[in-house]
Structure formats: C-alpha cells, structure tokens
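Q: One structure, as structure tokens, below. Some questions next.
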Amino acid sequence: MAKNILPNKLRILHVTKWFPNRYDVQNGIFVQKHISCTSNFAEVKILAWLPSSGKTEIVESIENNLPITRHYFKRKTAISYKRSAFREYIRGHYNNKNLPDVVHLHVFSPDLLLVVNWAKKRKIPVVISEHWSGYMRGIFNELPFWKKWAYKKLGAVQQILPVSQFLEKHMKTSGIAGQFTVVPNVVAENPHRPKKLEKFTFLVVADFIDEVKNISGIITAFSEFVAVNDDCQLHLIGGGPDEKRIEIAVQNSGVANKINWFGRQKNDYVLQHLPSCHVLICNSRIESFGVVVLEAHAAGIPVISTLCGGPNEWLEKDDFPIEVDNQKELVEAMNAAFAAKNETVTFEMWKACLPEAVGEKLREVYFKLLSKQMN
C-alpha cells in the first residue's frame, strides 16, 4: 500500500517553536532528536519559529544533512506577519507539485493554527508531538478563553502524539480531544564509557526552574547526606531563570566545596559526563517524560527519581523511586544508592526509545494516515 501512495521518500515538513538556537543550545533537544529519526525514511525539512532578543531574522543552515530554517521573531509579532512569513517559506522551499506529504508540528501554540489551516485546505495530514507539562501543572487551566479555544482545536489534526501515557491522560482531562498515539522521546546508545570519578558523584541535569525541578531540595538533602558520607560530590548541569536562587542555596548549604556547577551545556557534553558519575537525581514535582532519566540508563547508571509522572513508566529495579517533595525519602535514597555503589546494574526498558524504534513508530503513523487518505 505504501508503494502505491508514494514511490519515493515521504516529504515531511517539521514545524516547531522548541529547537536548539543561538540563545539556548538546550532548547528542544528532544524535538531535534524526534525529527532526526524521521530522516531515515523521509525527505525532511525543518522550520523553527524562535523568539529573538533583537531584530527579526531568518537563518538557513544544513545540519547533519537536514535543511533547517530558523526564523527569529520579535516577541508579540502579529499573526498576519507570521502567516505571510510561512507562505513565503513554503514558496521558497516547495512548489505546488511538490508540497509536503505530512506536516508534523512539535509542541502546540495558538499561532501554529495557521499552519494547521494551511495544510487542511490542501488536504495534507497534520500530526503534532506534544511535550508541554503545562497540561499537568495547571497552567492550561489558567489560560485565557481564546487560548484554550485554540488548544482545543487540536482535535482538527489527524494524530496527537504525546510522549507519555501520563501526558495523554492530562491532555484529555484538559479537554483536548482527538486521536492519540503515545510516541516516546528518543534516547540513543551512549558510546562513552569513561572511568568513574574517584569520589562518589550525584549528578543533576535540569533547567533551573526550581518550582518544577526542586533543585534546592536536592542541595538541602545533599548537605544532610554529606554529614554522614563525606567522600562524595554533587554535579549540577543546567541553567535558567532560577540560577541566582540555586547559587545562593549552594553558598548557604555548608557544603559548597563539594558542589560543582558546570552551567548550561550541549547535550553531547551531558552524554559524555553521565557515565563518569554514579547516580542521577531527578527531583521534579512533575515531568511529561524525563528524558535524562533514560539517558542515565543508556549510560549504565541508576536514578533516584520522584514519582512525578513521565519517569514512572521507565523506572527499573535498580533505581530508587521516591515520592514528590519528600526530603526524608530523598536522603534515604541517596544513602541507599551510596551503599549499592559496587553492585552491577542493568537497564533494558530505555531501548524502546532508540532512534530506530521511535522512527518506526512515526513511520507507521505517517503511512496509516496517508493510506486512510487514499481509501
């Protein structure tokens, strides 16, 4: 059936507002990986709408053989301008006989409705991958009426692809209707196996948004842990709006000499650093997926993780699950992980997130939509 639909590679246009860019190299790494795993079976083009701190600008590039257009918009750019910019992009990258077979949006926002409407008029199927934790954190419920109305138009797309069952549940509870298929984030094999650091090392990789990630809680628990186990250290990788708050928490911890902050780093740096550490800590209050948890498993290290949603589906017997906002359990888990430091650990579930596995899920979604359209 697929051969009758398209004899050559599928043409997929990916449109996203979360993507690595000049202002934030970590932004939308998981979106970038989703897109990359479709390039094995499709002709892929990427349009990223990104916020600019200065002028509106379009930057074209080829990265890993994928053509990328980064369109930097000033904040509060009029929707009419974005509509014109999108049409100009289509004219410059396609022609009427060579339009995309599928439009794949990543993380919905109201202005992307113009892309949905453009595709609908041309009978091009639209799918959307969703990662936004706002459905779970109550942010969706606080949106003004017109934004909620726009989000509920998601039912007009042919497939909604949340990254976890947890996120799907909360999207439906928020009133988002449509056809759902869970497609997890991508986690690749980690080729790095450096020598373990001499001191037992806890690692935290997170955006510094303390209300969500509760990094200050980790620092407090670590200071309690150090009182009993002195030969250890805590590494922090990340950045964000609460950097100053975290910096003050480190200074006031009494164990600042045992805490190293490496700042915001590219994903490659994180993947190289992970296997040299002993345990990853995820102390989030809520997560739609928690990709770094699976990246830790791919690196062969266990995880102390709160039962905060997305990670729950992937924790294994050698991990240390704890309740959200439970400092006592966090300290106990740190002690348990330290006591188990010489034990052999194995992790298998993350392999369902390998690029080829996720790519095959997406290929099936695309071809089912196109087959249905042909019938």
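Q: Out of the residues in the range 44-85 meeting the condition of being outside any strand (DSSP E or B) and polar (S, T, N, Q), tell me which one is farthest from Tyr366 (Cα to Cα).
A: Residue satisfying both the conditions and the ranking: Ser53.
Q: Quick check: is even one residue across the range 337-348 in a helix (DSSP H, G or I), modelled with pLDDT of 95 or more and within 25 Å of the chain's Cα centre (by Cα)?
A: So the first thing to find is which residues in the range 337-348 are in a helix (DSSP H, G or I), and the list is 337-339.
Okay, now just the ones that are also modelled with pLDDT of 95 or more, so 337-339.
Within this subset, residues satisfying the condition of being within 25 Å of the chain's Cα centre (by Cα) are none.
No, the range 337-348 contains no residue that is in a helix (DSSP H, G or I), modelled with pLDDT of 95 or more and within 25 Å of the chain's Cα centre (by Cα).
Q: Do we find a residue being of a type in the set (S, T, N, Q) and out of contact with any strand residue (DSSP E or B) (no Cβ under 7 Å at 6 or more places or on another chain) anywhere in the range 225-245?
A: Checked against the condition, which is being of a type in the set (S, T, N, Q) and out of contact with any strand residue (DSSP E or B) (no Cβ under 7 Å at 6 or more places or on another chain), the range 225-245 yields at least one hit.
Q: Looking only at residues in the range 238-275 that are more than 23 Å from the chain's Cα centre (by Cα) and of a type in the set (S, T, N, Q), which one is surrounded by the most Cβ atoms within 10 Å (Cβ to Cβ)? It would help to see each step written out before you state the result.
A: We begin by selecting, within the range 238-275, every residue more than 23 Å from the chain's Cα centre (by Cα); these are 244-245, 247-260.
Add one more test, that the residue is of a type in the set (S, T, N, Q), and what stays is 251-253, 257, 260.
Values: Gln251: 10, Asn252: 12, Ser253: 19, Asn257: 8, Asn260: 13.
Across the range 238-275, the extreme among qualifying residues is Ser253.
Q: Let me ask something additional. Would a scan of the range 231-250 turn up a residue that is of a type in the set (Asp, Glu) and touching an Asp or Glu at 6+ places or on another chain (Cβ under 8 Å)?
A: yes
Q: Which of (1) at pLDDT 95 or above; (2) surrounded by fewer than 18 Cβ atoms within 10 Å (Cβ to Cβ); (3) among the hydrophobic types (A, V, I, L, M, F, W, C) does Met374 not meet, given it meets every other one?
A: Result: Met374 passes all but (1).
One line per residue, one yes/no per condition, for (1) within 30 Å of Lys266 (Cβ to Cβ); (2) surrounded by fewer than 23 Cβ atoms within 10 Å (Cβ to Cβ); (3) at pLDDT below 95:
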| residue | (1), (2), (3) |
| --- | --- |
| Ala150 | no, yes, yes |
| Pro162 | yes, no, no |
| Ser174 | no, yes, yes |
| Phe180 | no, yes, no |
| Pro184 | yes, no, no |
| Val205 | yes, no, no |
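Q: Which condition does Phe367 not pass, out of (1) surrounded by fewer than 18 Cβ atoms within 10 Å (Cβ to Cβ); (2) at pLDDT below 95, if it passes all the others?
A: The one condition Phe367 does not meet is (1).
Q: Look through the range 132-157, keep the residues that are part of a helix (DSSP H, G or I) and among the basic types (Lys, Arg), and return whichever of them is nearest to Ala78 (Cα to Cα).
A: Selected residue: Lys147.
Q: Starting from residues that are aliphatic (A, V, I, L, M) and modelled with pLDDT of 95 or more, keep the ones in the range 213-230 and report whichever is nearest to Glu287 (Cα to Cα).
A: Restricting attention to the range 213-230, the residues satisfying the condition of being aliphatic (A, V, I, L, M) are 215, 218-219, 221, 226-228.
When the remaining residues are screened for being modelled with pLDDT of 95 or more, the result is 215, 218-219, 221, 226.
Values: Ile215: 14, Ile218: 16, Ile219: 20, Ala221: 21, Val226: 28 Å.
Residue satisfying both the conditions and the ranking: Ile215.
Q: Follow-up question, since we're still on this one. Among the residues of the range 9-28, is any surrounded by fewer than 17 Cβ atoms within 10 Å (Cβ to Cβ), within 18 Å of Pro355 (Cβ to Cβ) and either within 21 Å of the chain's Cα centre (by Cα) or modelled with pLDDT under 90 (or both)?
A: For the range 9-28, residues surrounded by fewer than 17 Cβ atoms within 10 Å (Cβ to Cβ), within 18 Å of Pro355 (Cβ to Cβ) and either within 21 Å of the chain's Cα centre (by Cα) or modelled with pLDDT under 90 (or both): present.
Q: Quick check on the range 301-320: of everything there that is part of a helix (DSSP H, G or I) and in contact with a Gly (Cβ under 8 Å, 6 or more places away or on another chain), which residue is farthest from Leu234 (Cα to Cα)?
A: Result: Gly310.
Q: Then there's this: State the number of residues belonging to the range 231-284 that are at pLDDT below 95, charged (D, E, K, R) and more than 21 Å from Ala336 (Cβ to Cβ).
A: Residues flagged as at pLDDT below 95, charged (D, E, K, R) and more than 21 Å from Ala336 (Cβ to Cβ) within the range 231-284 amount to 3.
Q: Okay, moving on. Looking only at the range 167-216, how many residues end up being assigned to a loop (DSSP other than H, G, I, E, B), of a type outside the set (Phe, Trp, Tyr) and free of Cβ contacts under 8 Å to residues at least 40 places away in the same chain? Before the answer, list the steps.
A: Initially, the range 167-216 is screened for residues assigned to a loop (DSSP other than H, G, I, E, B), giving 174-179, 181-199, 206-209, 214.
Going one step further and asking which of them are of a type outside the set (Phe, Trp, Tyr), we end up with 174-179, 181-199, 206-207, 209, 214.
Subset that is free of Cβ contacts under 8 Å to residues at least 40 places away in the same chain: 174-175, 177-179, 182, 191, 198-199, 209.
So the answer is 10.
Q: List, please: which pairs have Cβ atoms under 9 Å, are six or more places apart or on different chains, and start with a residue in the range 334-363 that is farther than 25 Å from Ser129 by Cβ and end with one that is part of a helix (DSSP H, G or I) and among the small types (Gly, Ala, Ser)?
A: Here the result reads Met334/Ala221, each pair linking the range 334-363 to a residue that is part of a helix (DSSP H, G or I) and among the small types (Gly, Ala, Ser).
Q: Here is a further query. Quick one: would you say Asn98 is in a loop (DSSP other than H, G, I, E, B) and either in the same structural domain as Pro144 (by TED's automatic domain parsing) or over 24 Å from Gly134 (Cα atoms) (or both)? Full working, then the answer.
A: Values: in a loop (DSSP other than H, G, I, E, B): yes; either in the same structural domain as Pro144 (by TED's automatic domain parsing) or over 24 Å from Gly134 (Cα atoms) (or both): yes.
The answer is yes for Asn98.
Q: Given Ile304, Ile281, which one is crowded, with 23+ Cβ neighbours inside 10 Å, touching a Ser or Thr at 6+ places or on another chain (Cβ under 8 Å) and of a type in the set (A, V, I, L, M, F, W, C)?
A: It is Ile281.
Q: Name every residue in the range 248-268 that is under 14 Å from Val204 (Cα atoms) and of a type outside the set (Gly, Ala, Ser), in order of residue number.
A: Val250, Lys258, Ile259, Asn260, Trp261, Phe262, Arg264, Gln265, Asn267 - these are the residues of the range 248-268 that are under 14 Å from Val204 (Cα atoms) and of a type outside the set (Gly, Ala, Ser).
Q: Under the condition of being assigned to a loop (DSSP other than H, G, I, E, B) and in contact (Cβ under 8 Å) with a residue 24 or more places away in the chain, which residue from the range 101-131 is surrounded by the fewest Cβ atoms within 10 Å (Cβ to Cβ)?
A: Per the criteria, the residue is Lys123.
The values are calculated or read from the model by the stated rules, or taken from the named source; none is laboratory data. These numbers come from a predicted model, not from an experiment. Every residue, glycine among them, receives a Cβ derived from its backbone with ideal geometry; neighbour counts consider all protein chains shown.
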